[in-house]
Amino acid sequence: MKHATNHIQQRWQQVKKTSRTNQNLIMKFLLYILLTYSVNSYSQKTKIANLSFNLNNEIISKNNRKIIEKNGNTTFYFNGNYFEYNKNSELINVEKNEIENLIINSLSEIIIYRNKLIDENIKKSEKNGKLKILENSEVYKQVYIYERKNDSILKYPVIWLEVIECQ
């Protein structure tokens, strides 16, 4: 009888230990889900922006220009906004029929969207007490600039740079 009682107690201890392990596993899983959700909710990068450098016969001027840097990178400048193409990124030749189906965003559209996200982040920070500074490079999953060059259309994957201008 005493041997059976010891056996039952040992078995009960094993069950409790397994139960604690399972509870820890469940808690870790729930924490992982919570962290993943909160990181994804802060991540804005879901949309793609397409800008035209000269597809629509935009006038190339001091406010709308392409600058080839000494290091080989290319910077597109649109009314105070800089977009950088890294020379190591793939430059894509685009078929004309692909351009016909493409939605080209205006600079004002992408700025309005960015400002909307900044306002949303400020409202979230008022609720949770954590301010998330949204940089231009975090607004879109990817920004592309399209340029007509000779008989082809080039698609540049670019990064929207954060610029602070001093006066």
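The values are calculated or read from the model by the stated rules, or taken from the named source; none is laboratory data. Bear in mind the structure is a predicted one, so any value in this text is a computation, not a measurement. When we count neighbours, we look across all protein chains shown, and the Cβ atoms used for this are built from the backbone with ideal geometry, even at glycine. All accessible areas refer to the heavy atoms of the entire protein, side chains included, with ligands and DNA or RNA removed. Shrake-Rupley method; radii C 1.70, N 1.55, O 1.52, S 1.80 Å.
A few points about this structure:
- Listed values for the range 92-107 are Karplus-derived 3J(HN,Hα) couplings in whole Hz (6.51 cos²θ - 1.76 cosθ + 1.60, θ = phi - 60°), namely 10, 7, 10, 6, 4, 5, 5, 5, 4, 8, 8, 8, 8, 8, 8, 4, and x replaces Gly and Pro.
- Cut-off under 5 Å, modelled amide H: who pairs with Leu55 long-range: Arg148
- A simple charge model with +1 on the Cβ of Lys and Arg, -1 on the Cβ of Asp and Glu and nothing else charged puts the dipole of the range 57-167 at about 240 debye relative to its Cα centre.
- Across Lys66/Lys124; Lys66/Lys130; Lys70/Lys149, pairs whose alpha-carbon gap is larger than 27 Å: Lys66/Lys124; Lys66/Lys130
- Debye, to nearest 20: dipole size of the range 71-119, +1 on Lys, Arg Cβ, -1 on Asp, Glu Cβ: 180 debye
- Candidate cross-link partners of Lys96 among the aspartates and glutamates, defined by an alpha-carbon separation under 19 Å and a same-chain spacing of 8 or more, comprise Glu58, Glu147, Asp151.
- Put simply, the amide H of Asn50, placed in the peptide plane, has neighbours under 5 Å in Asn105, Tyr144, leaving out anything fewer than 5 places away on its chain.
- Whether the range 77-167 is rounded, prolate or oblate, judged on the alpha carbon gyration tensor where a/c under 1.5 counts as rounded: prolate
- Amide H partners (placed H, <5 Å) of Ser89, local residues excluded: none
- Remark: the range 47-54, residue by residue, has Karplus-estimated 3J(HN,Hα) of 9, 10, 10, 10, 10, 9, 8, 8 Hz, where x stands for each Gly or Pro and the curve is 6.51 cos²θ - 1.76 cosθ + 1.60 at θ = phi - 60°.
- Portion, in percent, of the accessible area of the range 89-161 that falls on carbon or sulfur, probe 1.4 Å: 49 percent
- The calculated FRET efficiency for the pair Ile118 and Asn79, based on their C-beta separation and a Förster distance of 22 Å, comes to about 0.75.
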